[in-house]
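Engineer: For reference, the structure I am asking about is given below.
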């Protein structure tokens, strides 16, 4: 799937702005052919939840109806018109002029609709029925039930279940003959890169021209035959924190007339795992960074370019080189930014909540049901992997795919569930990037059934917080013992710490360095770092979390999860300056 752009052959209209929204009440039918009766106003992109004051709207479980006017200029009527939603969380049914146009399940990947047969010149009515319901078939997973006569969803994950049109809505046009997709295959050897683009085209054309441009806008390779490879003779590699991007321009012609053109940026880099190390461009790579969330006051999960840019600058200021899109794909704009800035990304599907009876306390004795006999996520899990790889396949920043987070991989049936998903991701990805499934503490080396399937062992561990709370000496003994067991069982696999952290209240200080204080957060990380630094097969550290974030109400959550290095509005806690010293020296 190509990112929507405006160029010589394509028009682009942004439908962001203030939309009208109405809650669908129980036993109420909303007619998509009629105007909404009693709407309130919501900004798009943005979450509904934090824009409203009415608590009944914020707590509503079910459907929200969005409505806006879509203006189609007469000049575009002869063009192919495509309506594209970058993210609607979690389920969307789209109506145009009262007619059902599309249905999409999955809140974090784009979908698009050819709307030529549904629209006319001038004003068109656009409605989107958006559902925030999660159950045992969706990703993320939730527990759906009727509670006190009303629908209720209990999330099986530790972040707020924001609902809305979270990313841009755009209308773009092409001619009837158009470039549908581009896959950039390349091979790099000894400074020379051979590029073999795979171009999907709909319609008829006479000739095709392919050109590669460098960052100085110099034409360095060209061809008029998709079967003829393009050669970059003196390749400058895309390096972590030192990005270099080439541009592949594909153009279709009818005789001399340009029909369609599209330019896809790409970077050249290699990824290899050998002898429990990760190599990017044949250089050993150590992950320094974070698990993050798309989360900010007022916006909720709504995309905002200024926030994404600030986060990128804060990560670079700290000396970070990577992040994981926990626990869902992030916006396309953030991925393009990571490409441009050389930030390495572990790209994760919304495969979170795959643990029946999971809750924040990680109660080891609360596993009464077998997850893999209970959940019905198989179909959606295949779908989210396919949609993510289709979207992000050409990004240089993406070096690893994460196909789940903290599943019940210690329960019988986990291997049978994940094996076909790992095989699917490998088959879909033309670069065959490594696969990970970040591991929960319940899934110990003795019990885990998924570790043999992955390329890097990613461990989410909270020794000193959820285990041996506050007793860092005892906690670090247990932590080291567990890591050594993993290494003994899988000596050739790299081990990465994909989550570790401690809730910390900004401004809370303690002479005794007690938990929740900024002093304890510093002690916590220093103790963990001592263990990680002593083990040369550990290939990275992703702190949990980059910034504080909103969660559902929970006895352990006071105004959200406070494990951030920054507050939710991006003010640094004391630990930020300690992390900066460590990462700049490493």
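No value in this document is a laboratory result; all are computed from the given coordinates. Because the structure is a prediction, the values reported are computed rather than measured. Note that each Cβ is placed from the backbone with ideal geometry, even for glycine, and that neighbours are counted across all protein chains shown.
Engineer: Show me the three semi-axes of the equivalent ellipsoid for region 231-335, from the C-alpha gyration tensor (sqrt of 5 times each eigenvalue), largest first, rounded to whole Å. Spell out each step's value before the answer.
Structural biologist: Working: eigenvalues 184, 121, 28 Å².
Listed largest to smallest, the semi-axes of region 231-335 are 30, 25, 12 Å.
Engineer: Can you tell me the mean projection area, over all orientations, of the convex hull of region 271-585's alpha carbons? Units nm², please. Provide the component values of the computation, followed by the final result.
Structural biologist: Working: hull surface 61.2 nm².
Dividing the Cα hull surface by four gives the mean projection, 15.3 nm².
Engineer: Let me ask you something else. Could you put 166, 382 in order, starting from the residue whose Cβ has the fewest other Cβ atoms within 10 Å?
Structural biologist: Values: 166 26, 382 14.
The order, fewest Cβ neighbours first, is 382, 166.
Engineer: Would you mind calculating the gained length between residue 220 and residue 78 on full extension (0.36 nm times residue separation, minus the Cα-Cα distance), in nm to one decimal?
Structural biologist: Numbers: separation 142, 0.36 × 142 = 51.12 nm, distance 3.57 nm.
Gain on stretching residue 220 to residue 78: 47.6 nm.
Engineer: If you don't mind, there's one more thing I want to ask. With an 8 Å Cα cut-off and a minimum separation of 6 or more residues, compute the relative contact order for region 122-167 in percent.
Structural biologist: Relative contact order here is 30 percent.
Engineer: On to the next question. Tell me the mean residue ellipticity at 222 nm calculated for the chain from its helices only (DSSP H runs of n ≥ 4, each -39500 (n - 2.57), averaged over every residue, nearest 500).
Structural biologist: -5500 deg cm²/dmol
Engineer: Extension gain residue 256-residue 123, at 0.36 nm per residue separation less the Cα-Cα distance, in nm? Don't skip to the answer; put the middle values down first.
Structural biologist: On the way: separation 133, 0.36 × 133 = 47.88 nm, distance 3.53 nm.
Going from the current span to full extension adds 44.3 nm.
Engineer: Could you tell me which of rounded, prolate or oblate describes region 436-523, using a ≥ b ≥ c as the square roots of the eigenvalues of the alpha-carbon gyration tensor, with rounded for a/c under 1.5 and, failing that, prolate when a/b is larger than b/c and oblate otherwise?
Structural biologist: On the way: a/c = 3.04, a/b = 2.30, b/c = 1.32.
In terms of gyration-tensor shape, prolate.
Engineer: Averaging sequence separations of C-alpha pairs under 8 Å and six or more residues apart, then dividing by the length of the chain, give the relative contact order as a whole percent. Present the calculation step by step, with values, prior to reporting the outcome.
Structural biologist: On the way: 1356 pairs, mean separation 71.0, N = 586.
Rounded, it is 12 percent for the chain.
Engineer: Same structure again: Across region 378-477, how large is the tail of the calculated P(r) beyond 20 Å, expressed as a percent of all Cα pairs?
Structural biologist: Working: 2215 of 4950 pairs.
Everything past 20 Å amounts to 45 percent.
Engineer: Count the DSSP beta bridges whose two residues both fall in region 221-355, then state the antiparallel fraction as a percent rounded to the nearest 5.
Structural biologist: Values: 17 of 23 bridges.
Within region 221-355, antiparallel bridges account for around 75 percent of the total.
Engineer: Per the Kirkwood definition applied to all pairs of different Cα atoms, how many angstroms is the hydrodynamic radius of region 438-586?
Structural biologist: Values: mean 1/r = 0.0624 Å⁻¹.
Evaluated on region 438-586, it is 16.0 Å.
Engineer: According to the square roots a ≥ b ≥ c of the eigenvalues of the Cα gyration tensor, what is the shape class of region 281-390, taking rounded for a/c under 1.5, prolate for a/b larger than b/c otherwise, and oblate for the remainder?
Structural biologist: Values: a/c = 1.82, a/b = 1.78, b/c = 1.02.
In terms of gyration-tensor shape, prolate.
Engineer: Counting DSSP beta bridges in the chain, what percent are antiparallel, to the nearest 5? Could you put the intermediate results ahead of the total?
Structural biologist: Values: 97 of 126 bridges.
Expressed as a percentage, antiparallel bridges in the chain total about 75.
Engineer: Apply the Debye scattering formula to region 12-174, with a single equal point scatterer on each alpha-carbon and no solvent, then give log10 I(q)/I(0) at q = 0.17 Å⁻¹.
Structural biologist: Values, matching the q order: -1.01.
Engineer: Sorted from largest down, what three extents in whole angstroms do the Cα atoms of region 186-294 have along their principal axes?
Structural biologist: If we take the Cα atoms of region 186-294, the spans are 53, 39, 27 Å.
Engineer: Taking the Cα atoms of region 471-514, what is the range of coordinates along each of the three principal axes, in descending order and whole Å?
Structural biologist: Result, largest extent first: 43, 21, 9 Å.
Engineer: Also: Among [x] 33.0; [y] 30.7; [z] 27.2, find the value of mean projected area of the Cα convex hull in nm² that was calculated from the structure presented, and write down its label.
Structural biologist: Computed from the coordinates, mean projected area of the Cα convex hull in nm² corresponds to [z].
Engineer: Using the Kirkwood formula over every pair of different C-alpha atoms, what hydrodynamic radius in Å results for region 328-440? Show your work: numbers first, answer last.
Structural biologist: Numbers: mean 1/r = 0.0669 Å⁻¹.
The Cα-based Kirkwood calculation yields 14.9 Å.
Engineer: With Kirkwood's inverse mean 1/r over C-alpha pairs for Rh, give me the Rg to Rh ratio of region 148-200, two decimals please. Before the final figure, lay out each step's value.
Structural biologist: Values: Rg = 22.5 Å, Rh = 17.3 Å.
Ratio of gyration radius to Kirkwood radius for region 148-200: 1.30.
Engineer: Report relative contact order for region 12-174 in percent, whole number only (criteria: Cα-Cα under 8 Å, sequence separation at least 6). Working shown, then result.
Structural biologist: Details: 370 pairs, mean separation 50.2, N = 163.
Rounded, it is 31 percent for region 12-174.
Engineer: Let me ask you something else. If the chain between residue 189 and residue 8 were fully stretched, how many nm would it gain, using 0.36 nm times the residue separation less the Cα-Cα distance?
Structural biologist: Values: separation 181, 0.36 × 181 = 65.16 nm, distance 3.51 nm.
Residue separation times 0.36 nm, minus the Cα-Cα distance, leaves 61.7 nm.
Engineer: Further question on the same structure: Could you list log10 I(q)/I(0) for region 120-228 at q = 0.20, 0.22, 0.23 Å⁻¹, which the Debye formula gives when each Cα is one point scatterer?
Structural biologist: One equal scatterer on each Cα of region 120-228 leads to -1.11, -1.26, -1.34.
Engineer: If one computes P(r) from the Cα atoms of region 2-95, what percent of pairs lie at distances over 17 Å?
Structural biologist: Working: 2580 of 4371 pairs.
Value for region 2-95 (Cα pairs over 17 Å): 59 percent.
Engineer: P(r) tail for region 104-183, what percent of Cα pairs lie past 22 Å?
Structural biologist: 47
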